[in-house]
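Colleague: So that we are looking at the same thing, I have put the structure below in structure tokens.
The values are calculated or read from the model by the stated rules, or taken from the named source; none is laboratory data. In this text, all values refer to a predicted model and were calculated from it rather than measured experimentally. All Cβ positions, even for glycine, are placed from backbone atoms using ideal geometry, and neighbour counts span all protein chains on display.
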Amino acid sequence: MNIFSYFHYKIKLMRNKLFVIGIGLIALISINAIKSDYEPDDPWAGYEPQNLQVLPPDTDPYVLGAMMDALNDALGVKCSHCHTRTDDGLDFVSDDNPTKEVARDMIKMTMEISHKYFKDTEIDGQRMQLSCMTCHNGEATPVMRPAY
Ligand code: HEC
Ligand code: HEC
């Protein structure tokens, strides 16, 4: 069993708990984006997600949109890095782009680590947290320093 399937297994056991963690994670990474970027005439208005397997299935579309923008920033990519290109543009519901599944695993991993190890830790009144940016820092594949 690799580490991702291990989390998948645990995630199934922890569905209810994860709902809360998921909301927390989304709120943490996106609260500023929501405030600044998402106005009532936003194109996300009324969007009903159809294929959320890690995030709560009824995630608010503004929160979802803000989170997706945050993924673009953290990895320095465009939406098409994880979503499927079609002749009519991107298909966000489709799972045909394998990177989407990697990203699902990464989201699960990040939530799991945040929940387990960053829960009660505060520095200067700020709650510590792990995010995609912590490791990726704007790169699709985290850049390592050469080991001398
Ligand atoms: C790093 C990978 C990644 C990037 C970049 C990304 N997404 Fe996503 N997106 C995902 C994953 C993973 C899911 C599914 C989450 C789940 O299963 O809970 C998703 C789900 C969605 C959904 C919900 C589809 C549905 O109805 O089920 C929409 C809409 C979406 N993304 C739009 C976008 C847009 C717009 C962008 C660019 C601004 C974007 N995504 C960038 C990984 C990504
Ligand atoms: C603890 C560090 C860490 C965190 C946090 C993290 N990642 Fe990663 N991620 C990695 C590493 C390391 C790799 C590269 C693995 C390799 O190729 O050797 C990677 C690879 C990926 C890839 C595959 C890249 C490719 O081009 O195939 C995606 C997609 C990805 N991460 C998305 C995310 C998203 C989205 C988040 C936040 C929800 C996230 N990661 C959080 C460390 C992390």
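Colleague: Give the residue that is modelled with the highest pLDDT, with candidates limited to residues of region 59-77 that are assigned to a loop (DSSP other than H, G, I, E, B) and touching a Leu at 6+ places or on another chain (Cβ under 9 Å).
Modeller: Filtering first and then ranking leaves V77.
Colleague: Follow-up question, since we're still on this one. In region 69-100, which residues are more than 10 Å from ligand 2 (Cβ to nearest atom), surrounded by 16 or more Cβ atoms within 10 Å (Cβ to Cβ) and among the hydrophobic types (A, V, I, L, M, F, W, C)?
Modeller: Correct list: F92 only.
Colleague: Still on this structure, please answer the following. Report, by residue number, each residue of region 137-148 that is farther than 23 Å from G76 by Cβ and not hydroxyl-bearing (S, T, Y).
Modeller: Once the filter is applied, which keeps residues that are farther than 23 Å from G76 by Cβ and not hydroxyl-bearing (S, T, Y), region 137-148 yields only A147.
Colleague: Also, quick follow-up: Can you find even one residue in region 33-41 that is modelled with pLDDT under 95, in a helix (DSSP H, G or I) and farther than 21 Å from G138 by Cα? Walk me through it before giving the result.
Modeller: Taking region 33-41 as the starting set, the residues that turn out to be modelled with pLDDT under 95 are 33-41.
Applying the additional criterion that residues be in a helix (DSSP H, G or I) yields 33-37.
Remaining after also requiring farther than 21 Å from G138 by Cα: 35.
Yes, that holds for at least one residue.
Colleague: Go through region 101-136 and give me each residue that's without any contact (Cβ under 8 Å) to a residue 60 or more places away in the chain, closer than 24 Å to C79 by Cβ and more than 8 Å from ligand 2 (Cβ to nearest atom).
Modeller: Those that are without any contact (Cβ under 8 Å) to a residue 60 or more places away in the chain, closer than 24 Å to C79 by Cβ and more than 8 Å from ligand 2 (Cβ to nearest atom): E101, R104.
Colleague: Follow-up question, since we're still on this one. Only one of (1) buried (at least 17 other Cβ atoms within 10 Å of the Cβ); (2) of a type in the set (S, T, N, Q); (3) within 13 Å of ligand 1 (Cβ to nearest atom) fails for S114. Which number is that?
Modeller: Among (1) buried (at least 17 other Cβ atoms within 10 Å of the Cβ); (2) of a type in the set (S, T, N, Q); (3) within 13 Å of ligand 1 (Cβ to nearest atom), the lone unmet condition for S114 is (3).
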